[in-house]
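Here is the structure we will look at, set down as structure tokens.
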Amino acid sequence: MIKIIHPNLEKIAEKYFDDIKNKCIERAIYLRKNLNVIFNGLSHIDLRNDPLNGNSKKSLSNLLLLPANKLEDQNNYHQLVLANCRPWVGTYQNAIELITDYLSIEDNLKELILCSPENSIQIETDIKNHIGVNNVSYEAISSVINKIIDYSLFDDLAYGISSELGYNTCPYCNRSYIHTIIDKRKKGLIRPTFDHFFSQTDHPLLALSFYNLIPSCYYCNSSLKGDRVMELGTHLHPYLEGFGNDIKFHILIKDNKPDKSHPENYHLFLETELEDFQPKFQKTFFSRTPNIGEHRGNINLFKLNEIYNAHKDIVGELIVKCDSLSMGYADSLNGFFSLLKTNKAEFYRFYFSNYFHENDFHKRPLAKMSKDIVSKTLPYFL
């Protein structure tokens, strides 16, 4: 796994908040008006005159109403009475009023949308305590939260964010491309999926939090992770850390085939010198001998050992290239770099077809694997 690094990350996050805040606040205010109509005698005229889009208003109002009493148009606001509402509206009136009030305040929303990964769960817990809900009642009012902190609002911004981040490969696996392509008419063509590190189902308040949205490939997000739970204590968070030099790819050479590049000559696996009790070991491997189906630890969840062994042909090619650089030849290259108007990083990129520096690993698949193998095979050169 590679860490997400960008020199303007905070600016990208701030712009995202500025782009999304008004839509969330408008929804919170409108829902609060609905509650005032139902419980406090506010005139229906205030709903009809609200500047929010008509379809959005109907959708938000219908959230509170029983299916048989849903509004067909804005002339039916008189149906907004408690007797026509879903049972949880009356049961959790106070909590719904408090959450709509809370999310209609820009500073509160900003703290939530821009919260760091380390603070996310605590901020969510503080909000739950503020509105007086436990896990059961939190789930009951999650539909209200989902209408305000609505992940569908992210769709209009996703292309811009992924384009600005500029990540070409999935941070979870560094194996699949996640290019963002926008055509000449500024229409988005393809982009990465965005994984909720803290699941949207269990943590609806974090559905739009910037650092909870991880640009990723479809395989990691949907095929491998799916609805499995990730936590900071059991998994590495891409905005906080990557494998770095603590976890490296190693190869076991079998010599099964005379052709040294043949994939059957190699077994590829991730290894570390970290102690079992260290947090990064727990979040990466979880155990030296994990059970089948274990999803704690990034290597287990994203099946990295299994998946990377599909690329043993590339391992073989790297080994052959490394062998062609004898110790003497590799050392002599250092003296020619200035004459050739190049440097070690450029030579590495063109010779080994990947990037040399860790900060560039996101630009091309298998960059981390390639560097680890070359570093182990040609330590005197690198």
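The values are calculated or read from the model by the stated rules, or taken from the named source; none is laboratory data. Computed from a prediction, not measured in an experiment: that's the story for all the values here. So basically every Cβ, Gly included, is an ideal-geometry build from the backbone, and we count neighbours across all protein chains shown.
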- prompt: Counting only residues that are at pLDDT 95 or above, surrounded by 20 or more Cβ atoms within 10 Å (Cβ to Cβ) and assigned to a helix (DSSP H, G or I), how many does the stretch 329-372 have?
  reply: 8
field: Single residue of the stretch 14-41 satisfying the filter (basic (Lys, Arg) and over 25 Å from LEU213 (Cβ atoms)) that is farthest from the chain's Cα centre (by Cα)
entry: LYS33
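Which residues, counting only those in the stretch 142-154, are in contact (Cβ under 8 Å) with a residue 40 or more places away in the chain, part of a helix (DSSP H, G or I) and not basic (Lys, Arg)?
Residues of the stretch 142-154 in contact (Cβ under 8 Å) with a residue 40 or more places away in the chain: 142-151, 153-154.
From what's left, part of a helix (DSSP H, G or I): 142-148, 151, 153-154.
Result: SER142, SER143, VAL144, ILE145, ASN146, ILE148, TYR151, LEU153, PHE154.
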query: Is it fair to say SER216 is out of contact with any His (no Cβ under 9 Å at 6 or more places or on another chain), within 21 Å of ILE307 (Cβ to Cβ) and modelled with pLDDT under 95?
result: no
query: Which condition number in (1) within 30 Å of the chain's Cα centre (by Cα); (2) buried (at least 17 other Cβ atoms within 10 Å of the Cβ); (3) farther than 28 Å from GLU14 by Cα is the one that LEU103 fails?
result: (3)
message: Just checking, does the stretch 134-141 include any residue being outside the structural domain of TYR308 (by TED's automatic domain parsing), among the aliphatic types (A, V, I, L, M) and either part of a helix (DSSP H, G or I) or closer than 22 Å to HIS295 by Cα (or both)?
response: yes
- prompt: Within the stretch 246-257, is there a residue that is in the same structural domain as SER370 (by TED's automatic domain parsing) and among the polar types (S, T, N, Q)?
  reply: yes
message: Looking at the structure I just gave you, is GLY244 among the small types (Gly, Ala, Ser), on the phi > 0 side of the Ramachandran plot, out of contact with any Ser or Thr (no Cβ under 7 Å at 6 or more places or on another chain) and in contact (Cβ under 8 Å) with a residue 12 or more places away in the chain?
response: yes
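Against the definition (within 30 Å of THR284 (Cα to Cα), among the hydrophobic types (A, V, I, L, M, F, W, C), in contact with a Ser or Thr (Cβ under 7 Å, 6 or more places away or on another chain) and in contact (Cβ under 8 Å) with a residue 40 or more places away in the chain), how does LEU112 come out, yes or no?
Working: within 30 Å of THR284 (Cα to Cα): yes; among the hydrophobic types (A, V, I, L, M, F, W, C): yes; in contact with a Ser or Thr (Cβ under 7 Å, 6 or more places away or on another chain): yes; in contact (Cβ under 8 Å) with a residue 40 or more places away in the chain: yes.
Taking the combined requirement at face value, the residue satisfies it.
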query: Somewhere in the stretch 166-177, is a residue crowded, with 17+ Cβ neighbours inside 10 Å, assigned to a helix (DSSP H, G or I), among the basic types (Lys, Arg) and in the same structural domain as LEU205 (by TED's automatic domain parsing)?
result: no
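Starting from residues that are in a helix (DSSP H, G or I) and without any contact (Cβ under 8 Å) to a residue 24 or more places away in the chain, keep the ones in the stretch 28-58 and report whichever is surrounded by the most Cβ atoms within 10 Å (Cβ to Cβ). Please lay out each step first, then the result.
Going residue by residue through the stretch 28-58, those that are in a helix (DSSP H, G or I) are 28-40, 45-48, 54-58.
Retained after the next criterion (residues that are without any contact (Cβ under 8 Å) to a residue 24 or more places away in the chain): 33, 36, 40, 45-46, 54-55, 58.
On the way: LYS33: 23, ASN36: 16, ASN40: 9, ILE45: 10, ASP46: 14, GLY54: 11, ASN55: 9, LYS58: 18.
In this case the residue turns out to be LYS33.
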task: Might you check whether a residue that is part of a loop (DSSP other than H, G, I, E, B), in contact (Cβ under 8 Å) with a residue 60 or more places away in the chain and under 22 Å from HIS203 (Cβ atoms) occurs anywhere in the stretch 78-100?
output: no
query: Got at least one residue in the stretch 250-259 being in contact with a strand residue (DSSP E or B) (Cβ under 9 Å, 6 or more places away or on another chain), buried (at least 20 other Cβ atoms within 10 Å of the Cβ) and not in a loop (DSSP other than H, G, I, E, B)?
result: yes
